[in-house]
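First comes the structure, then the notes that go with it.
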C-alpha cells in the first residue's frame, strides 16, 4: 500500500508546490456541500447564491482562475464563498499581521489552500 | 509512438541477449531483485545526512478534450537531517518555496508575494505528515525517502523487472520497470556505491491520454550551503496570510478559526 501511495504522492510532489492536484481535490471535497455546490458558512435562506464550481480534478490553473475572476465581478459576494482571484482594483490591507483584500464593501482574506492562494469572503476585519 | 516502440524493442532485444531472456512471462512477474533495488536506494537516501537536489520535471495535465498538456518545472531542494529542509519549485505560477528550520514551517509564493507560517514538528519525517494532514501540502519528493521502508511494498506490484543499463547525464543508471493496476512507473537508479535515482517516469494507465510525470534528478551528496538557507526572511513587500486548515485535522476543541 505504502509503495503505491508513495508513487502517486511523488507524482503529486511533482506537481509539488505548483499545481497541487491533491489540494484542489481537497478544496473540491470541501466545496461540494450543498445543492449549489458552494462553500457557505452562512447564507440567507432563499437568497441567490453565487456558484463557484470546484475545479475539475485535472484542470488548467490559468483558465480556472480566469473563470472565477469573472464570477467575482458579476455576482454578489457571500461571506464564506471562495474565489481564485480578486479584481486588480482591490486594496491590500494588513490587519493584525495578516493581509486582506478590500474590494469596495467586500473583504477577502487570501489563504493558502494547499499551495494555492484562494480568497475567502469575510466580514470586515475591523 | 513508433519510435518508442522501436526503442522498447531494442531494449528487449538487448535484454534477450543476456542470460535472462525477456520472454512474455517475464513482463508479468515481480523480480525480487528489482524490488530489492528500490529498498537499497531508499535506505541509501535515508543514510545521507545532508544533500542538495535539483530536478527538472514534466507533468501532464489532461484538458477537457482529453489532450495531455505537459508542464515543465524546475525544483531545488536542500536537506539536513533530521530537521532542516528547503524546497522550491518554479513553474507556470512563479516560484513556491517551503522552509523548515526545525521550529517553523513557512510556505512562500512569488506570484502573489504571500507567505504563511506555522509552528512545525521536530523532524522532517513528522513535518511531511503534519502539513499534508493539516494543510493539504505535499512535500516535494518526500516519498523518495520512504521507498523501501515498508516491507509490504512489493505486494501491490503486478510486475517488476530490470530493463537494462542506460546513460543519463554523466551517470550509468539501471532502468527498472514496475506496474500496478492503473499505474506504470519506471525508475533509473545510478550504478555503483551511490544508488541514487537518476530519473523517474510515472504513467497513469487508467486514463485514455495516459498522462505522465517525469523527473530528472541531479544530486549533490556533499553540498555547500549554510543553515541560513532554511530560515525564511520575507522578501520586500511580502504579506503574511493564513493556511486554510483541513477541517478534519482540527482538534475538537478548536473553535472556528480567526480567519473566517
Suppose we keep only residues that are modelled with pLDDT of 95 or more and more than 20 Å from residue A:109 (Cβ to Cβ) within region B:111-123. Which one would you say is surrounded by the fewest Cβ atoms within 10 Å (Cβ to Cβ)?
B:119
With the checklist (1) more than 9 Å from chain A (Cβ to nearest Cβ); (2) within 23 Å of residue A:86 (Cα to Cα) in hand, flag the one item residue B:86 doesn't pass.
(2)
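Yes or no, residue by residue, for (1) within 14 Å of the chain's Cα centre (by Cα); (2) within 11 Å of another protein chain (Cβ to nearest Cβ); (3) loosely packed, with under 15 Cβ neighbours inside 10 Å:
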{"site": "B:36", "(1), (2), (3)": "no, no, yes"}
{"site": "B:56", "(1), (2), (3)": "yes, yes, yes"}
{"site": "B:61", "(1), (2), (3)": "no, yes, no"}
{"site": "B:65", "(1), (2), (3)": "no, no, yes"}
{"site": "B:71", "(1), (2), (3)": "no, yes, no"}
{"site": "B:74", "(1), (2), (3)": "yes, yes, yes"}
{"site": "B:82", "(1), (2), (3)": "no, no, yes"}
Only listed residue being in contact (Cβ under 8 Å) with a residue 12 or more places away in the chain, surrounded by fewer than 16 Cβ atoms within 10 Å (Cβ to Cβ) and more than 11 Å from chain A (Cβ to nearest Cβ), chosen from B:166, B:126
B:166
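Out of the residues in region B:230-244 that are facing chain A (nearest Cβ under 9 Å) and part of a loop (DSSP other than H, G, I, E, B), state the one that is modelled with the highest pLDDT. It would help to see each step written out before you state the result.
Pass one, region B:230-244, residues facing chain A (nearest Cβ under 9 Å): B:239-244.
Right, trim to part of a loop (DSSP other than H, G, I, E, B) and you get B:241, B:244.
Values: B:241: 97, B:244: 94.
That would be B:241.
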Taking region A:86-126 on its own, how many of its residues are surrounded by fewer than 15 Cβ atoms within 10 Å (Cβ to Cβ) and closer than 15 Å to residue B:116 by Cβ?
3
If I ask for residues that are farther than 30 Å from residue B:200 by Cα, in contact (Cβ under 8 Å) with a residue 12 or more places away in the chain and touching a helix residue (DSSP H, G or I) at 6+ places or on another chain (Cβ under 9 Å), which ones from region B:215-247 would you list?
B:243, B:244, B:245, B:246
Please work out which one of (1) surrounded by fewer than 22 Cβ atoms within 10 Å (Cβ to Cβ); (2) within 26 Å of residue A:110 (Cβ to Cβ); (3) in contact (Cβ under 8 Å) with a residue 12 or more places away in the chain; (4) at the interface with another protein chain (Cβ under 9 Å from one of its Cβ atoms) is the condition residue B:133 fails and give its number.
(4)
Unique residue being buried (at least 22 other Cβ atoms within 10 Å of the Cβ) and modelled with pLDDT under 95 when the list is B:140, B:151
B:140
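Being under 30 Å from residue B:162 (Cα atoms) and in contact with a helix residue (DSSP H, G or I) (Cβ under 7 Å, 6 or more places away or on another chain) is the requirement here; does residue B:46 meet it?
Values: under 30 Å from residue B:162 (Cα atoms): yes; in contact with a helix residue (DSSP H, G or I) (Cβ under 7 Å, 6 or more places away or on another chain): yes.
The answer is yes for residue B:46.
Taking the criterion of being touching a helix residue (DSSP H, G or I) at 6+ places or on another chain (Cβ under 8 Å), over 23 Å from residue B:136 (Cα atoms) and modelled with pLDDT of 90 or more, would at least one residue in region B:24-31 satisfy it?
yes
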The one condition residue B:195 fails out of (1) more than 14 Å from chain A (Cβ to nearest Cβ); (2) modelled with pLDDT of 95 or more; (3) under 26 Å from residue B:131 (Cβ atoms) is (3)
In region B:92-107, what residues are without any contact (Cβ under 8 Å) to a residue 40 or more places away in the chain and surrounded by 21 or more Cβ atoms within 10 Å (Cβ to Cβ)?
B:93, B:96, B:105
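Does residue B:179 satisfy the criteria of being more than 24 Å from residue B:220 (Cβ to Cβ), away from chain A (no Cβ under 13 Å) and part of a strand (DSSP E or B)? Spell out the reasoning first.
Values: more than 24 Å from residue B:220 (Cβ to Cβ): yes; away from chain A (no Cβ under 13 Å): no; part of a strand (DSSP E or B): yes.
So residue B:179 fails the test.
The values are calculated or read from the model by the stated rules, or taken from the named source; none is laboratory data. Keep in mind it's a predicted model, so treat the numbers as computed, not measured. Neighbour counts run over all protein chains shown; Cβ positions are idealised from the backbone, glycine included.
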